Amino acid sequence: MLRSSLAVATAAALTYLVVPSPQGDRIIRVYGDLSTAEHVAVIVPGADTTSATFDGGRAKPHSTPGGGARAVLAQARELDPGARLAVVAWLGYDSPATVSLGTATGWTAEKGAPALQRYVNETLRGKRVSLLCHSYGSVVCAKAAPGIRADNLAVFGSPGLGVSSAAELGGVPLWAGSGTEDWARDIPKIKIGPLGFGRDPAEPGYGSRVFAAGAAGHSDYLAPGSESLRNLTLIALGRTSEVSHA
């Protein structure tokens, strides 16, 4: 098993090293009324997010940060028409290309984490903040977690967080979801030197609260009508006792 894992990591490293990760775009867009919001959900997207795919350019609108933000806002209004929720689609870091060194290591996330901390701690001061972090975005959130003022951290489609347990995230409550149709479940959950991110945050004993994500594929966690969208919205609204568990 170890030999197989080492082979996978070595092959990945060779691929990533010859395909550099490009500099990404910076877009932060608010959906809803931030000035009157009591709760704020901050969506942190994963790899291959650019200005072209931020709010369009993909077959599934909910798979974009902007489309996902609108889906969360619509679900919140369905759950509670009077909910004072704003959703921020936050692309404040260099989102790496899927095939790049950035997606195999935490280097890109480490560079982006301080910007996420500043945005939440300064711009969203006084709000109840939930971080909704998809795929590589979960690594960014994990790097930012120890110094961030957030009420909840929810990760989904995560390749791993780069830490061995939720206890290393500075005390912010960790939620994790993994859809049965998500290809990220098949990513080797290993960490060899700078490569890989270690344990799956949704596995038993990690210290996370595992929410039900149903049959979500990697890009479908915020799909309208899905169990995962409902649960993530409940987390964002602070109604955590209503979240269904895997």
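Looking across Ser95, Ser135, Ser130, one residue alone is polar (S, T, N, Q) and out of contact with any Pro (no Cβ under 8 Å at 6 or more places or on another chain). It is Ser130. Only residues that are out of contact with any helix residue (DSSP H, G or I) (no Cβ under 8 Å at 6 or more places or on another chain), open to solvent by less than 70 Å² (accessible area, probe 1.4 Å) and not in a strand (DSSP E or B): list them for the stretch 23-35, please. Of everything in the stretch 23-35, those that are out of contact with any helix residue (DSSP H, G or I) (no Cβ under 8 Å at 6 or more places or on another chain), open to solvent by less than 70 Å² (accessible area, probe 1.4 Å) and not in a strand (DSSP E or B) turn out to be Gly24, Asp25, Leu34.
Just one of the listed residues (Ala223, Ala215, Ala236) is over 17 Å from the mean Cα position of the chain (by Cα) and farther than 16 Å from Pro159 by Cα, and it is Ala215. Evaluation of Gly171 against the conditions (1) surrounded by fewer than 23 Cβ atoms within 10 Å (Cβ to Cβ); (2) assigned to a helix (DSSP H, G or I) shows that the sole unmet condition is (2). Please work out which residue is surrounded by the most Cβ atoms within 10 Å (Cβ to Cβ), limiting yourself to the stretch 223-237 and to residues that are assigned to a loop (DSSP other than H, G, I, E, B) and out of contact with any helix residue (DSSP H, G or I) (no Cβ under 8 Å at 6 or more places or on another chain). Per the stated criteria, the residue is Ser226. For the stretch 146-160, does any single residue satisfy the condition of being out of contact with any Leu (no Cβ under 6 Å at 6 or more places or on another chain), over 19 Å from Val243 (Cα atoms) and outside any loop (DSSP other than H, G, I, E, B)? Taking every residue of the stretch 146-160 in turn, at least one turns out to be out of contact with any Leu (no Cβ under 6 Å at 6 or more places or on another chain), over 19 Å from Val243 (Cα atoms) and outside any loop (DSSP other than H, G, I, E, B).
Selection of the stretch 79-95 for residues being free of Cβ contacts under 8 Å to residues at least 60 places away in the same chain and open to solvent by less than 10 Å² (accessible area, probe 1.4 Å) yields only Ala86. Within the stretch 184-198, restricting attention to residues that are within 13 Å of Thr105 (Cα to Cα) and not in a loop (DSSP other than H, G, I, E, B), the residue that is least open to solvent (accessible area, probe 1.4 Å) is Gly196.
Can you confirm whether Pro201 is assigned to a loop (DSSP other than H, G, I, E, B) and open to solvent by 10 Å² or more (accessible area, probe 1.4 Å)?
So Pro201 does not fit the description; no.
Selection of the stretch 204-222 for residues being assigned to a strand (DSSP E or B), surrounded by fewer than 21 Cβ atoms within 10 Å (Cβ to Cβ) and in contact with a helix residue (DSSP H, G or I) (Cβ under 9 Å, 6 or more places away or on another chain) yields Arg209, Gly217.
Here is a yes/no grid of residues against (1) of a type in the set (A, V, I, L, M); (2) within 29 Å of His245 (Cβ to Cβ); (3) surrounded by 24 or more Cβ atoms within 10 Å (Cβ to Cβ):
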position	(1), (2), (3)
Gly112	no, no, yes
Arg128	no, yes, no
Ser138	no, yes, yes
Ala142	yes, yes, yes
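Applying a threshold of 8 Å to beta carbon distances and a minimum spacing of six or more residues, or different chains, the list of pairs starting in the stretch 176-189 at a residue that is hydroxyl-bearing (Ser, Thr, Tyr) and ending at one that is open to solvent by less than 10 Å² (accessible area, probe 1.4 Å) and modelled with pLDDT under 95 reads Ser178/Ala184. For the subset of the stretch 50-99 comprising residues that are of a type in the set (S, T, N, Q) and outside any loop (DSSP other than H, G, I, E, B), which member is farthest from the chain's Cα centre (by Cα)? Among residues in the stretch 50-99 that are of a type in the set (S, T, N, Q) and outside any loop (DSSP other than H, G, I, E, B), the one farthest from the chain's Cα centre (by Cα) is Gln75. Gly137 - would you say it is of a type in the set (Gly, Ala, Ser) and without any contact (Cβ under 8 Å) to a residue 60 or more places away in the chain? Answer is no for this residue.
The values are calculated or read from the model by the stated rules, or taken from the named source; none is laboratory data. Quick caveat: nothing in here was measured; it's all calculated off a predicted structure. Neighbour counts are summed over all protein chains in view; Cβ atoms, including those assigned to glycine, are modelled from backbone coordinates with ideal geometry. Just the protein is used for accessible areas: all its heavy atoms, side chains included, with ligands, DNA and RNA removed. Shrake-Rupley method; radii C 1.70, N 1.55, O 1.52, S 1.80 Å.
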